[in-house]
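Trainee: Below you'll find the structure I mean.
Derivation of every value follows stated rules applied to the coordinates shown; laboratory data play no part. From a predicted model like this one, the values you see are computed outputs, not experimental measurements. Note: ideal-geometry Cβ built from the backbone for every residue, glycine included; neighbour counts use all protein chains shown.
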Amino acid sequence: MKQVIELPAISSPTFGEKAQAIFRVIRKRLTREAVLNDLLTITITVVLTLLMAALILNYLSVDTLPGDFLYGAKRISENVQLSLAFDEERRTELENRFNQRRLKEIEHLLSKIGPR
């Protein structure tokens, strides 16, 4: 306890000292490598976030019908799949599957309306 009493009092840092400490940290981070590393990290984060959002929208829009809020996301997903199908056979198969979906959607909408 005696040693603690003998320690000099600690004063709060002044505004100038705080500002100098902040500028020292910033100067250390403003190297070319640090900036490029930060940009790479931000880019990867944005790309992965957009990819996850697209996957979630695709998953949520699977069972939508024309007029539903996410139906446009479903159609965009189908168009992307068609544009990425480089094999003509695969493209035809996808077009047939999507046409079958459209027919089922029409039947479902007609069953909702009921007989007139």
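Trainee: Would you calculate the separation in nanometres between label points at Ser111 and Tyr59, each defined as 7 Å from the Cα along the Cα-to-beta-carbon direction?
Mentor: It is 2.7 nm.
Trainee: Which order do Met52, Met1 fall in if you start with the one that has the fewest other Cβ atoms within 10 Å?
Mentor: Least to most surrounded, the residues fall as Met1, Met52.
Trainee: What do you get for the angle between helix 32-60 and the principal long axis of the chain? Use alpha-carbon atoms, 0 to 90 degrees, nearest ten.
Mentor: Result, in degrees: 30.
Trainee: Which loop chymotrypsin sites (Phe, Trp or Tyr not before Pro) in the stretch 21-116, with loop taken from DSSP, have no more than 11 other Cβ atoms within 10 angstrom of their Cβ?
Mentor: Phe69, Phe86
Trainee: Rounded, prolate or oblate: pick one for the stretch 12-65, where a ≥ b ≥ c are the square roots of the eigenvalues of its C-alpha gyration tensor, a/c under 1.5 means rounded, and failing that, prolate if a/b is larger than b/c, else oblate.
Mentor: Oblate shape, in that a/c is at least 1.5 and b/c is the bigger or equal ratio.
Trainee: Could you give the size of the charge dipole of the chain about its Cα centre, using +1 on the Cβ of each K and R and -1 on the Cβ of each D and E, expressed in debye and rounded to the nearest 20?
Mentor: 480
Trainee: Could you name the lysines whose alpha carbon sits less than 29 Å from that of Lys104, not counting residues in the same chain fewer than 8 places away?
Mentor: Lys104 reaches Lys74, Lys112.
Trainee: Subtract the Cα-Cα distance of Lys104 and Glu89 from 0.36 nm times their separation in residues, and report this length gain in nm to one decimal.
Mentor: 3.1 nm
Trainee: Now, a different point. Calculate for the chain the 222 nm mean residue ellipticity that helices alone would give, adding -39,500 (n - 2.57) per DSSP H run of length 4 or more and normalising by residue count, nearest 500 deg cm²/dmol.
Mentor: So the helix-based figure for the chain works out to -26000 deg cm²/dmol.
Trainee: Once the dipole of the chain is set up with Lys and Arg at +1 and Asp and Glu at -1 on Cβ about the Cα centre, which of Ser77, Phe15, Val47 lies farthest towards its positive end?
Mentor: Phe15
Trainee: If you compute Cα extents along the principal axes in Å for the structure shown, which of [x] 63, 43, 36; [y] 54, 36, 22; [z] 95, 38, 27 do you land on?
Mentor: Recomputing Cα extents along the principal axes in Å here gives the entry labelled [z].
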